Every structure is written in structure tokens, then in C-alpha cells.
Amino acid sequence: MNLPISEREVKMFSDIKRVYLDEIDSTNDYAKKLAQSEKSDILVIAEKQTAGKGRKGRTFISPEGGIYMSLLLHQNVISDPTKITVMASVAVARAIEKVLGINAQIKWVNDIYVNGKKVCGILTEGAYNSQKKSFDYAVLGIGINLSVPKNGFSEDIKDIAGALTDKSSRQLKEQMINSILDCFFDIYYGKKEYMSEYKSRSNVLGKQIEYIKNNEKFSGNAVDISESGELIVEENGEKKILNSGEIKICIESIKK
Ligand code: BTN
């Protein structure tokens, strides 16, 4: 069903077609396969993932109790997947506040933090068509630690990861998913301004940060975020534009 934007705007966006899965390797990969035959926007949700993917080839550990969802976006695909990630970060932070009343911050570029712990990661993948010089579709993947996994967080992430609640329920999961969709589409199709909120929720801006680029450690003052989502860092009076694909911010430096 391909509704024109005006009709979409009066619709509750949480009405989007959904696929529910008990277990899958990665909802992003599943959505990419669906893109070959599905020509409408569609949401894929899994109870758990066996090979959840994070940015830069990292694994996103995805046991039961979390929300693992990928949104296949065919229409009006924005030319830059980073912008979709930025919009989604604002949407997830807003949804957390609306549903749970908890303040959520954004760690540039794609992580959501609550009380100093990572509760959500976002991975947007685009299918670039070099002939058309545009994206055929994008897959927006969102992983949320809604509750603490049955066996706790694994050793390698236990110092960084946090959960949103003590106990999750089907109802809470659905509420969160619906709220995220509504907040996201409100920005994406509603063409609402979102950059000022992205910046005001940033736990990086205004801080002296340390970051790693090409295996070398640098430091600087995070002074701004550009419209296309690059981080602007000032070091000895010189401004540097940092691309999220190239650098890793040292988490200890933003906790200070
Ligand atoms: C990150 O933290 O670097 C991004 C994590 C993104 C995880 C989500 S979970 C749903 C979707 N499917 C995946 O395989 N990854 C994303």
C-alpha cells in the first residue's frame, strides 16, 4: 500500500505492516532480503537475534527481553543513511521519555544512553543504486535493552550496557515499538526539525573528548554537530570534522 505523504500524515504510523519472528540471525539482514520482493515499508521484529549486527562489523548481543526491530524504508528514502540514524536517535529518546518517563541522552552518533549506560544501538544500512545515484531502500535497525537478560549482560558489555526496566512485558514492548514508530515517522515524513533536539540530548557536545582514528588517539572539544551528522571537534584552535564511520569515541572521556 503506497499512500501519498498527506494521507500518511493523518494515519497512525504504528499501523505499518509488521513481521514478528521468534528468532532470526539479524532483523536487518531479514529486512534486506524482504526488500527484494516487498515494495512497501515494513517492520521486522524479533524476540531474539543469533547474529545481531552493530556498527563497524561489531556484534550486537540480542537475547530475549530486548526489542530488535528493523524498518524497511522504500519511499522517500533520504539520501544519507546517517541522517536516518540521527532522526531515529531522537525518536527513540523521545519514545523512552514518553512511555517510561526516563530521561534519555544520545551518544553521537547512534547510541542511546540512560543514567550513563547504553540502552540502545542503531544501525542504518542503505542499498545504493550507482546507476540512479540514489538509495533504492534503507533498513533502519534498532536494538533496545528493554530488560536485563535472564543471565545478565555478558562480561564484555556489562560495564557499558544498561536496561530500561526491571521487567518487560508484551504490552510494554508493543507500547515502545508503537511510540518509536510514531516519533520516527513524525520526523521522517512530517519533515520536522530534529537537529536541535539531537544536539540538546547529546552527552558528547561541550565535552573534552578522546577519540580513536586509524588506531591513533586524539583529543579535542566537541563543539557542534553538522546537519549531516558529523561531529565538529576543536583542537588547539583548529576545527576538525569527524565522520562517524572513521572514529570511535572513548567512553571514559564522556563520563567525566
Ligand atoms: C550498534 O550498537 O552499533 C548498533 C546496534 C544495532 C542493533 C540492531 S538490533 C536490530 C537490528 N538488527 C541487527 O542485526 N542490528 C540492528
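The values are calculated or read from the model by the stated rules, or taken from the named source; none is laboratory data. As the structure is a computational prediction, the values presented were derived from the model and not from experiment. Virtual Cβ from ideal backbone geometry, glycine too; neighbours counted across all protein chains shown. Note: areas computed on protein heavy atoms with side chains; ligands, DNA, RNA excluded. Shrake-Rupley method; radii C 1.70, N 1.55, O 1.52, S 1.80 Å.
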Semi-axes in Å, largest first, for segment 185-227 (Cα gyration tensor, √(5λ)) are 28, 12, 7
Site GLU64, offset 7 angstrom along Cα→Cβ, radius 11 Å on amide nitrogen, limited to segment 28-52, gives 47-48
Expressed in angstrom and rounded, the centroid-to-centroid distance over alpha carbons for segment 185-256 and segment 64-130 is 16 Å
For segment 111-241, the percent of all C-alpha pairs falling in each 10 Å bin, from 0 up to the bin holding the max distance, is 9, 28, 35, 24, 4, 0
The percentage of Cα-Cα pairs in segment 181-256 separated by more than 19 Å is 40 percent
Any aspartates and glutamates whose Cα falls less than 12 Å from that of LYS17, other than same-chain ones fewer than 8 residues away, would be GLU38, ASP41
With all protein chains present, the chain has a carbon and sulfur share of its accessible area (1.4 Å probe) in percent of 47 percent
The size of the Cβ-based charge dipole (Lys, Arg +1; Asp, Glu -1) of the chain about the Cα centre, to the nearest 20 debye, is 80 debye
Of segment 109-152, those with amide N under 18 Å from the point 7 Å along the Cα→Cβ vector of LYS167 are 146-152
Excluding residues fewer than 8 positions from LYS248 in its own chain, the lysines with Cα under 16 Å of it are LYS56, LYS107, LYS118, LYS207, LYS213, LYS217, LYS240
One finds, for SER200 and CYS250 with R0 = 30 angstrom and r their Cβ-Cβ distance, a FRET efficiency to the nearest 0.05 of 0.85
If the label point sits 7 Å along Cα→Cβ of SER79, residues of segment 206-238 with amide N under 20 Å come out as 226-231
Of the residues SER26, THR59, LEU43, the Cα lying farthest along the dipole of segment 10-62 towards its positive end, which is defined by charges on the beta carbon of Lys, Arg, Asp and Glu, belongs to THR59
Checking rank on 175-185, 148-158, 245-255, with mean other Cβ inside 10 Å and highest first, the result is 175-185, 245-255, 148-158
Relative to the compact-globule estimate 2.2 N^0.38 Å (N residues), the Cα gyration radius of the chain stands at a ratio of 0.99
Of the convex hull enclosing the alpha-carbon atoms of segment 11-110, the direction-averaged projected area in nm² is 7.4 nm²
Taking 83-94, 40-51 and ranking on average Cβ neighbours within 10 Å, highest first, one gets 83-94, 40-51
